[in-house]
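Some notes on the structure that comes next.
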Amino acid sequence: MGKRIIQQARGKGSSTYRVNRTVFKYKLKIPKKLSGEGTVLKLLNSGAHTCPLAKIKYVNGTFYIPAFKNMYEGQKVSFDEKEVKEGNILRLKNIPVKTKVYSIESRPGDGGKYIKSGGIYATVTRNNENGVVLLMPSKKEKKFHTEARAVVGVIAGAGRLEKPVLKAGKMFHIKKTKSKLWPRTSALKVNAIDHPFGSGRGKNPKSKIAKRNAPPGAKVGLIRPRRTGKRK
């Protein structure tokens with residue numbers, strides 16, 4: 001009897017392939033009710049995130065958001081709709097066109113779901129009663145509710161991918177923090193018992209197009225490809 005291939009083992013969610021819960025101890029969420037202003041208490045490093053985090057104190061407690069570029073401890077951020085300034089949390093309907101924003105709510109009050117990685121931002125392109133259209137980092141436009149909130153500015157941590165990783169050990173620890181599978185072994189390189197493409201005898205794998213009803217152990221290769229056959 002064969003053993004579970006690595007895709008099945010990861011899907012099961014054992015301790016080997018499960019993220020360490022202590023890494024995600026900071027929950028990035030904008031509180032539902034905000035008014036007045038807040039103070040940046042501390043800038044934090046988090047292994048689970050690609051950007052520094054900011055701990056912000058307000059009337060009812062504290063919360064965490066991705067830090068924006070040039071943020072500093074002790075800085076004041078406003079939650080009122082009067083001023084458009086970096087770090088201020090505003091409704092999209094009150095943010096002018098060409099303003100850069102991040103940590104955008106998918107629905108009003110959900111705390112921010114979009115644009116939370118280091119060094120990225122979205123740009124307000126159109127703003128009217130029907131909704132607010134933002135140009136996303138993917139260069140595609142997306143429409144949001146006018147009452148949805150966002151943080152003004154650009155997330156800190158740009159250029160983090162520009163510095164080369166010189167040692168395999170460095171990359172190992174980066175991936176280990178987030179429980180990412182690394183290094184990734186080619187299916188042809190492993191034993192036949194570990195993968196349907198394994199043993200590379202002749203280097204001719206079975207059909208790379210998995211059947212729609214294939215079980216998890218056999219559903220490898222090209223899953224539901226858009227097209228098949230030789231490109232003409």
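Worth a mention:
- Close amide-amide hydrogen proximity is noted between LEU44 and LEU53, ALA54, LYS55, each under 5 Å apart and 5 or more residues distant or on a separate chain (H modeled in the peptide plane; Pro and chain starts excluded).
- With each label modelled as a point 7 angstrom along the Cα→C-beta vector, the VAL165-ARG126 pair spans 4.1 nm.
- Among the listed pairs LYS12/LYS180; LYS139/LYS180; LYS27/LYS142; LYS100/LYS143, a Cα-Cα separation exceeding 19 Å is found for LYS139/LYS180; LYS27/LYS142.
- Potential extension, ARG10-LYS69 segment - 0.36 nm per residue separation minus Cα distance: 17.6 nm
- The angle separating the long axis of helix 168-177 from the principal Cα axis of greatest extent in the chain is about 60 degrees.
- Averaging the sequence gap over all C-alpha pairs within less than 8 Å and six or more residues apart, then dividing by the number of residues, gives the chain a relative contact order of 18 percent.
- Site pair THR228 and LYS203 shows an inter-label distance of 2.5 nm when each label is modelled 7 Å from Cα along Cα→Cβ.
- The local environment of CYS51, defined by Cβ-Cβ distances under 9 Å, has a net charge of +2 under the rule Lys, Arg +1 and Asp, Glu -1.
- Gaussian network model of the chain, springs between alpha carbon atoms under 10 Å - residue of ARG184, ARG160, ARG107 with greatest fluctuation: ARG184
- Dipole check for the chain: with +1 at the C-beta of Lys and Arg, -1 at the C-beta of Asp and Glu, and the Cα centre as origin, the magnitude is about 1840 Debye.
- Equivalent ellipsoid semi-axes, the range 21-152, via Cα gyration tensor eigenvalues times 5, rooted, Å: 23, 17, 13
- Förster-model FRET efficiency, 45 Å R0, LYS76 and TRP182, C-beta, rounded to 0.05: 0.65
- Net lengthening on full extension, THR39/ASN94 (0.36 nm per residue, minus Cα-Cα): 17.6 nm
- Listing SER103, SER78 from fewest to most neighbouring C-beta atoms within 10 Å gives SER78, SER103.
- Distance from the range 72-123 to the range 199-232 (C-alpha centre basis), Å: 44 Å
- Compactness of the chain as Cα Rg over 2.2 N^0.38 Å, two decimals: 1.31
- In terms of other Cβ atoms within 10 Å, ILE65, ILE6, ILE104, ILE193 run from fewest to most in the order ILE193, ILE6, ILE104, ILE65.
- 13 Å beta-carbon shell around GLU73, net charge (K/R +1, D/E -1): +4
- Gain on full stretching of the segment that runs from TYR17 to GLU83 - 0.36 nm per residue minus C-alpha separation: 19.2 nm
- Listed values for the range 49-66 are Karplus-derived 3J(HN,Hα) couplings in whole Hz (6.51 cos²θ - 1.76 cosθ + 1.60, θ = phi - 60°), namely 10, 9, 9, x, 10, 10, 9, 10, 9, 9, 4, 9, x, 10, 8, 10, 9, x, and x replaces Gly and Pro.
- Estimated 222 nm signal from helices in the chain, with DSSP H stretches of n ≥ 4 weighted -39500 (n - 2.57), rounded to 500: -2000 deg cm²/dmol
- For LYS113, a cut-off of 20 angstrom between C-alpha atoms picks up these aspartates and glutamates, skipping any fewer than 8 places away in its own chain: GLU86, GLU105, GLU141, GLU147.
Each value in this text was obtained by applying a stated rule to the coordinates, not by laboratory testing. Given the structure is predicted, the values throughout are model-derived calculations rather than measurements. Glycine gets a Cβ as well: all are built from the backbone with ideal geometry, and neighbour counts include every protein chain shown.
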